[in-house]
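Heads up, the thing below is written out as structure tokens.
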Amino acid sequence: MKLKLKTVFVLYFMVSLMGLIYALMQLGQHCDCAEHDLPKDRAISRLQEELYRLQGQIRQLEKAKQPEKKQPPKSSLSTIFVITPTYARLVQKAELTRLSQTFLHVPQLHWILVEDSPRKTPLVSNFLMKCGLTYTHLNVPTAKERKLQEGDPSWLKPRGVEQRNEGLRWLREDRKTEPGDDGQQGVVYFADDDNTYSLQLFEEMRSTQRVSIWPVGLVGGMKFESPVVEGGKVVRFHTGWRPSRPFPMDMAGFAVSLRLVLANPDACFDGEAPMGFLESSLLKGLVTVDELEPKADNCTKVLVWHTRTEKPKMKREEALQVQGLGSDPAVEV
């Protein structure tokens, strides 16, 4: 039975008043009989219990009358959409594990992982289900004529072209279904699975309006490559190879606003671009050098490194396999 708040207050007042009158009446009476004290103590105890009970009911009614707390507002942070091409190799899971551990520390990040494969592989599918990130899993194979052959140097042909373009295609399709202006808020970054990233880098890129840029360490045979900034504008590029390229920078050295990507549906990476021009093939359709937004303290800090994992040597493994003693293939590495 529910009690109205007014009724509870009246009862509370009456019981309190009765207790006070009873106490005053006892003050004038003198009695040395211990047996008379017992009923008095019991009465006081009952009154206290009743007071506690009423106080509890009052607290419950006050809580019930409190307005419901409003849901916290949707995060005001722009989402960072990270497009990562990946391909099957011995170190693939190790690389993806290391990269995902970094991404877990970045709020409001959506990982778009694109396999160079005709189908989604169990290894990557299982890995993503357990990684703890918001993700989209895609796949598209590289055309045979564009694949590097065994022994080819890594710079001979551009890698990850179809995969990055597939990530852009998915973004354009997915964002169409998002109502309102919020669906176009965000930043797009192309993160290879073997690079090393500072967490600060992601906070730097989050405010990108068109295309933001920064230095990249350990790339192009140099300690770092970087835009050179004067008066807040890029005036040239510090690079050791073909500085005359439209945008002589590494894939890890820029981010693009999602709005700009959506506004230019034909902008993509050109797989036929000459060596070193892959980044320029995308950026020249989006921005001019004068519009670039320097980050990382006017491009004076290195927050990303073009690291590469050494290819494991499997000579002993191969020798054991010949003897039928190879590692258990059921153990995923």
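Bear in mind that the values in this text are calculations on the coordinates, not laboratory data. Computed from a prediction, not measured in an experiment: that's the story for all the values here. Ideal geometry is used to build each Cβ from the backbone, glycine not excepted, and the neighbour counts take in all protein chains shown.
Restricting to lysine pairs 8 or more places apart or on different chains, what number in the range 203-330 have Cα atoms under 21 Å apart?
Numbers: K223/K295; K223/K301; K233/K284; K233/K295; K233/K301; K284/K295.
Summing the qualifying lysine pairs gives 6.
Are there trypsin sites (Lys or Arg not before Pro) in the range 169-274 that DSSP marks as loop and that have at most 13 other Cβ atoms within 10 Å, and which are they? Intermediate results must be reported in sequence, preceding the final value.
Details: sites: R169, R172, R175, K176, R206, R210, K223, K233, R236, R259; in loops: R206, R210.
Here no loop site has a sparse enough neighbourhood.
What's the FRET efficiency of D266 with K120 using the Cβ-Cβ distance as r and R₀ = 22 Å, to the nearest 0.05? List each step's numbers first, then the result.
Working: r = 27 Å, r/R0 = 1.24.
The value I calculate is 0.20.
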What's the local net charge at K93, with K and R +1, D and E -1, over the other residues with C-beta under 14 Å away?
-2
Where a label projected 7 Å from the Cα of M314 along Cα→Cβ would reach, residues of the range 145-170 with amide N under 15 Å:
150-151
Inter-site label distance for H105 and V322 at 7 Å from Cα along Cβ, in nm:
4.5
Charge dipole magnitude, Cβ of K and R +1, D and E -1 - the range 189-329, Cα centre, debye nearest 20
320
Estimated dipole of the range 128-271 in Debye, rounded to 20 [Cβ of Lys and Arg +1, of Asp and Glu -1, Cα centre]
300
Please compute the modelled spin-label separation between R242 and Q209, points set 7 Å along Cα→Cβ, answer in nm with one decimal.
3.1
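Working out 0.36 nm times the residue gap between V331 and L156, then minus their Cα-Cα distance, what length gain in nm do you get to one decimal?
On the way: separation 175, 0.36 × 175 = 63.00 nm, distance 3.39 nm.
Gain in length upon complete extension: 59.6 nm.
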